[in-house]
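Heads up: the structure comes next, in structure tokens.
The values are calculated or read from the model by the stated rules, or taken from the named source; none is laboratory data. Everything quoted here is computed from the prediction, not taken from an experiment. Glycine gets a Cβ as well: all are built from the backbone with ideal geometry, and neighbour counts include every protein chain shown. When the accessible area is computed, the model is the full protein with side chains, heavy atoms only, and any ligands, DNA or RNA have been set aside. Shrake-Rupley method; radii C 1.70, N 1.55, O 1.52, S 1.80 Å.
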Amino acid sequence: MFVETYETYNAVYDKILKGKVVVVIDTLRATSVITTALVNGAKEVIPVADIEDAINMSGHLERDTILLGGERNAVKIEGFDLSNSPLEYSEDVVKGKTIIITTTNGTRALKKASSSDDVVVGCLLNVTSVADYIHRENKDVVIICAGTEGKFSIDDIITAGAILDRLEKLSPYESDDLSKASYFLYKSFQDNILNIMKYGYHLNRIEKLGFHEDVEFCTTIDKFSVVPKYVNGVVRLV
């Protein structure tokens, strides 16, 4: 098994994804939101790249069966039902609903991964379950970090490292240098990952916007034992 990690989705070429398990990470906050929504009973989550795509898609579905969610620059999109805060995706809000979501980074990373037929959603909330899935599939792995505005983001790299830490206990694997760097960075701060993540640009921006509870929630390790899988444009639980 060989693991490659990419700092942003812009660095990924479609041809490298064929036949591999692809893990998409946007810890703050898209993949945390998607995972939380599905745990809380959402029927499915449909990630789209653009606001217009979300609105157009919603026009073809029964309005009382769907919720529009997402953000631009960490702020709720005007006219949408929900923002990109996982705390809004509670069971009483999302159960049985189809959620159409668009975010600045995470949903675009998922769309980028779609040339693979084995794409899963990863975040700190489900790192062990993702590692278990990789172990079971026993294929080469590509980890795509969503990043922030096209740049490296510490929170995603720490999450990749946490997944690889669990995977190491299950399977021997080889990896590229960014995978190794993410692993060793996580190991250095595993007892309190906020000691390193607090220096991240994206985390600080979210904090300044008042989303401290989101940060606390999204940095909880292994809150859930689920693996959301992205198939034919839709995310559902495995």
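For the pair residue 234/residue 192, report the inter-label distance in nm, with labels modelled 7 Å from Cα in the Cβ direction.
4.5 nm
By its C-alpha gyration tensor, with a ≥ b ≥ c as the square roots of the eigenvalues, how is the stretch 146-236 shaped: rounded for a/c under 1.5, else prolate for a/b larger than b/c, else oblate? Walk me through the numbers on the way to the answer.
Working: a/c = 1.56, a/b = 1.20, b/c = 1.29.
Oblate is the answer for the stretch 146-236, as a/c is 1.5 or above yet b/c matches or exceeds a/b.
Determine ³J(HN,Hα), in whole Hz, for all residues of the stretch 82-89 in sequence, where each value follows from phi through the Karplus function 6.51 cos²θ - 1.76 cosθ + 1.60 and θ = phi - 60°; x replaces Gly and Pro.
Each residue of the stretch 82-89 in turn: 9, 8, 10, 9, x, 5, 7, 8 Hz.
Return one whole number: the accessible area per residue of the stretch 2-230 in Å², for a 1.4 Å probe.
Numbers: 9520 Å² over 229 residues.
I get 42 Å² per residue for this part.
Tell me, which longest segment in the chain has none of the GluC sites (Glu not before Pro) that fall in DSSP loops with at most 12 further Cβ atoms within 10 Å?
150-238
Could you work out how far helix 177-189 tilts from the main Cα principal axis of the chain, as a 0 to 90 degree angle to the nearest 10?
Around 90 degrees separate the two axes.
Kindly express, to the nearest 10 degrees and within the range 0 to 90, the angle between helix 154-168's C-alpha long axis and the longest C-alpha principal axis of the chain.
So the helix axis and the longest Cα principal axis differ by about 60 degrees.
Could you grab the relative contact order for the stretch 2-230? Cα pairs under 8 Å, six or more apart, rounded to a whole percent.
33 percent
If one takes the longest principal axis of the Cα atoms in the chain, at what angle in degrees, from 0 to 90 and to the nearest 10, does the Cα axis of helix 127-137 lie?
With both axes taken from Cα atoms, the answer is about 70 degrees.
What value in Å³ per residue do you get for the convex hull of the alpha-carbon atoms in the stretch 101-196?
About 113 Å³ per residue, rounded to a whole number.
Under a point spin-label approximation (7 Å from Cα along Cα-to-Cβ), what is the residue 49-residue 136 distance to one decimal in nm?
Reported label-point gap for residue 49 and residue 136 is 3.1 nm.
Counting chymotrypsin sites (Phe, Trp or Tyr not before Pro) as exposed when in a DSSP loop with at most 13 other beta carbons within 10 Å, what is the longest stretch of the chain free of them?
So the longest stretch without any such site is 14-198.
For the stretch 10-17, in order, what is each residue's ³J(HN,Hα) by Karplus, 6.51 cos²θ - 1.76 cosθ + 1.60 with θ = phi - 60°, in whole Hz (x at glycine and Pro)?
Per residue, the Karplus-derived 3J(HN,Hα) values read 5, 8, 9, 9, 3, 5, 7, 8 Hz.
If the elastic network links every pair of Cα atoms under 10 Å, which of 117, 165, 14 fluctuates the most in the Gaussian network model of the chain?
Largest GNM mean-square fluctuation: 14.
Picking from 115, 85, 153, which is most flexible by a Gaussian network model of the chain using Cα springs under 10 Å?
Answer for the Gaussian network model of the chain: 115.
Karplus couplings for the stretch 34-39 from phi (6.51 cos²θ - 1.76 cosθ + 1.60, θ = phi - 60°), rounded to Hz, Gly and Pro as x?
Values per residue, Gly and Pro as x: 4, 4, 5, 4, 5, 4 Hz.
I'd like the distance separating the alpha-carbon centroids of the stretch 212-234 and the stretch 83-151, in whole Å.
Their Cα centres are 7 Å away from one another.
Please list the non-local residues whose amide H lies under 5 Å from the amide H of residue 5, H modeled 1.01 Å from N, same-chain partners needing a gap of 5 or more.
For residue 5, the qualifying residues are 143, 176, 178, 179.
Once amide H atoms are placed 1.01 Å from N in the peptide plane, what residues at a sequence separation of 5 or more from residue 237, or on another chain, have their amide H within under 5 Å of its amide H?
229
Here are several values of Cα extents along the principal axes in Å: (i) 94, 27, 25; (ii) 48, 38, 29; (iii) 67, 37, 31. Which one was derived from the coordinates shown?
(ii)
At what distance in nm do the modelled label points of residue 221 and residue 151 sit from each other, each positioned 7 Å from its Cα along Cα→Cβ?
For residue 221 paired with residue 151, the spin-label model returns 2.7 nm.
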